[in-house]
Amino acid sequence: MAYWLVKSEPSVWSWDQQVAKGAKGEAWTGVRNHTAKLNMMKMKKGDRAFFYHSNEGKEIVGIVEIVKEHYPDSTDKTAKFVCVDIAADKPLKKPVPLEAIKTNEKLTEMDLVKYSRLSVQSVKPDEWKLICKLGGI
């Protein structure tokens, strides 16, 4: 299993909206960055991703599961980009703010710190475990 992080502005798509979609999940559309696209193309059914609220909150709030592997993004008029379906797995008991990640010496090499604008990122297993611990799970 691989680990990822997906970002969304809560005013556009929030954790609560993701949870409301249930086990079927929802298409993660609208990604228009080629590096993020390549990350989505590597995602496999059953992989897990942190759900990160960007701009407002700037914190990891939950974990989602990849429930459908990449396919063409119907919102992309150029037909160059893909989407995956994700479903909420569980919330973190305690959201993990970006500032806590930036100041933790074990997380300074995390993509979230190094490539802050990338909307779909890989997460290393040791980073995953530490953030889960910080989040109370």
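For each of Arg117, Arg48, Arg32, count neighbouring Cβ atoms within 10 Å of the residue's Cβ, then give the residues from fewest to most.
Working: Arg117 8, Arg48 19, Arg32 14.
Ordered from fewest to most neighbouring Cβ atoms within 10 Å, Arg117, Arg48, Arg32 come out as Arg117, Arg32, Arg48.
Sorting Glu99, Glu65, Glu59 on the 10 Å Cβ count, fewest up front, what's the list? Intermediate results must be reported in sequence, preceding the final value.
Values: Glu99 10, Glu65 18, Glu59 22.
Listed from fewest to most nearby Cβ atoms, that is Glu99, Glu65, Glu59.
Kindly work out what percent of the DSSP beta bridges joining two residues of the chain are antiparallel, to the nearest 5. It would help to have the intermediate numbers written out before the result.
Values: 23 of 29 bridges.
Rounded to the nearest five, the antiparallel share is 80 percent.
To test your reading of the geometry: what angle, between 0 and 90 degrees and rounded to tens, separates the Cα axis of helix 125-134 from the longest principal axis of the chain?
Rounded to the nearest ten degrees, it is 60.
Which whole-number percent gives the relative contact order of the chain, counting Cα pairs below 8 Å spaced six or more residues apart? Present the calculation step by step, with values, prior to reporting the outcome.
Numbers: 278 pairs, mean separation 41.8, N = 137.
Across the chain, relative contact order equals 31 percent.
Of Lys102/Lys129; Lys44/Lys106; Lys24/Lys68; Lys21/Lys90, which ones are farther than 21 Å apart at the Cα? List each step's numbers first, then the result.
Numbers: Lys102/Lys129 16 Å; Lys44/Lys106 27 Å; Lys24/Lys68 9 Å; Lys21/Lys90 13 Å.
Violating the 21 Å Cα-Cα cut-off are Lys44/Lys106.
What translational diffusion coefficient, in µm²/s and rounded to a whole number, does the Stokes-Einstein relation yield for region 3-134 at 20 °C and a viscosity of 1.002 mPa s, taking the hydrodynamic radius as the Kirkwood radius over Cα pairs?
Details: Rh = 14.7 Å.
Diffusion coefficient, whole number: 146 µm²/s.
If you wrap region 8-51's Cα atoms in a convex hull and average its projection over all directions, what's the area in nm²?
3.5
Given region 55-133, report the % of alpha carbon pairs whose separation exceeds 18 Å. Let's see the in-between values first.
Values: 1590 of 3081 pairs.
Taking all Cα-Cα pairs of region 55-133, the fraction more than 18 Å apart is 52 percent.
Coordinate-derived values only; no laboratory data. Since we're looking at a predicted model, the values are computed, not measured. Every residue, glycine as well, gets a Cβ built from its backbone with ideal geometry; the counts of neighbours run over all protein chains shown.
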